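Remarks on the structure that follows.
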Amino acid sequence: MPKNITILAIESSCDDTSAAVLRGDRILSNVIASQKVHEQYGGVVPELASRAHQQNIVPVVDTALKQAGIDRRELDAVAFTRGPGLLGSLMVGVSFAKSFAQALGIPLVEVNHLQAHVLSHFIKENDESVVPQFPFVCLLVSGGHTQILLLRSHFEMEVLGETIDDAAGEAIDKAAKIMDLGYPGGPVIDKLAREGNPQAFHFATPHIQGNDYSFSGIKTSFLYFLRDRLAEEPDFIGQHKADLCASIQETIVDFLLKKLENAVKESGARQVAIAGGVSANSRLREGLQKMGEKHHWQVFIPKMQFCTDNAAMVGIAGYFKYLKGDYADISLPPYAN
């Protein structure tokens, strides 16, 4: 593969403004500006997110180029997240990418946000970096998506299972909101769960055929459980916070891994990966590692910086599309879904 292709990547699908520079499949920089303004609202406010992207996009790109030691005239292409995501946020990144590429006279490469998460496993930081070999199975799990995918090539992905309603990350965030733990709730639950007993409480999981998931029932079970306990003991959450976090996390992670285990067995793959925001969860990472040892799988767990939304994953996806000559037309609009 060509090693000297230099790509600037832009990610603005939600509330993180990110820019990265890759030379070939090697990461040179990956800059992320997070937005703290949403914490007081308990979730991302789309209008505030798009305004913050407008403020952040130029300094973030400038910093990424400087950290990479790259002059903009050395760039061969600009890759950008076209969707899915918040439309207003995407508009900022897409518009900037188009203008930047047009000013330099270089190609545009549009990237699907979900594919980028999966392909983040192919980012190399040094010569010792090990990447998956095809075919392999990847559990893509985040606040908006939960899918089990079989990858036969960089862009040939078969869905082996997916959620029929809510995503796993959404269920975790909802549990955190019910317990008034703040936003984002996932990291808070993960931290508190380490101090609790994962077997303290039990919540119902749905019986879904095949490798599909459903998380709405788990959310409802958790809500009704707390409603009944709070009626008896008003400070129940305060007294049992760590155990509640450990138990709901265990329920969700166990459900994720059981379906994944079955899907991998059916596929015959020997390499398994996780990707997406929830792949940062310590219990999921630990559980997959143990499952891999049990079945003699080669397991790929992303570094923390590649779990949440970041431009490096957009850059690696853009690099592989660039190699195919798969360029984007300047007229392409972003898409939310």
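The values are calculated or read from the model by the stated rules, or taken from the named source; none is laboratory data. Keep in mind it's a predicted model, so treat the numbers as computed, not measured. Using ideal geometry, Cβ is built from the backbone for each residue, glycine included, and neighbour counts are taken over all protein chains shown. Calculation scope for accessible area: heavy atoms of the full protein, side chains included, ligands and nucleic acids excluded. Shrake-Rupley method; radii C 1.70, N 1.55, O 1.52, S 1.80 Å.
Quick one: is I32 modelled with pLDDT of 95 or more and part of a strand (DSSP E or B)? So I32 does not fit the description; no. Residues in region 135-148 that are at pLDDT 95 or above and surrounded by fewer than 23 Cβ atoms within 10 Å (Cβ to Cβ): P135 alone. In region 235-275, the residue that is surrounded by the most Cβ atoms within 10 Å (Cβ to Cβ) out of those that are assigned to a helix (DSSP H, G or I) and acidic (D, E) is E250. Given the structure, is G93 more than 16 Å from the chain's Cα centre (by Cα), under 16 Å from T17 (Cβ atoms) and modelled with pLDDT of 95 or more? Yes: the conditions hold for G93.
State whether one or more residues within region 118-139 are in contact (Cβ under 8 Å) with a residue 12 or more places away in the chain, acidic (D, E), over 26 Å from K265 (Cβ atoms) and touching a strand residue (DSSP E or B) at 6+ places or on another chain (Cβ under 9 Å). Within region 118-139 (the criterion being in contact (Cβ under 8 Å) with a residue 12 or more places away in the chain, acidic (D, E), over 26 Å from K265 (Cβ atoms) and touching a strand residue (DSSP E or B) at 6+ places or on another chain (Cβ under 9 Å)), the answer is yes, since at least one residue qualifies. Can we say L151 is at pLDDT 95 or above, within 19 Å of R283 (Cα to Cα) and touching a strand residue (DSSP E or B) at 6+ places or on another chain (Cβ under 8 Å)? Considered against the rule, which asks whether it is at pLDDT 95 or above, within 19 Å of R283 (Cα to Cα) and touching a strand residue (DSSP E or B) at 6+ places or on another chain (Cβ under 8 Å), L151 comes out as no.
This table checks each residue for (1) among the acidic types (D, E); (2) more than 30 Å from I57 (Cβ to Cβ); (3) within 19 Å of the chain's Cα centre (by Cα).
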position: S247; (1), (2), (3): no, yes, no
position: L257; (1), (2), (3): no, yes, yes
position: E293; (1), (2), (3): yes, yes, no
position: V299; (1), (2), (3): no, yes, yes
position: L323; (1), (2), (3): no, no, no
position: D326; (1), (2), (3): yes, no, no
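No other residue among E162, E195, E170, E156 is touching a residue at least 40 places away in the same chain (Cβ under 8 Å), surrounded by fewer than 20 Cβ atoms within 10 Å (Cβ to Cβ), of a type in the set (D, E) and under 29 Å from G315 (Cα atoms) apart from E162. Take the conditions part of a loop (DSSP other than H, G, I, E, B), in contact with a strand residue (DSSP E or B) (Cβ under 9 Å, 6 or more places away or on another chain), modelled with pLDDT of 95 or more and open to solvent by 10 Å² or more (accessible area, probe 1.4 Å) and apply them to D326. Does it pass? Answer is yes for this residue.
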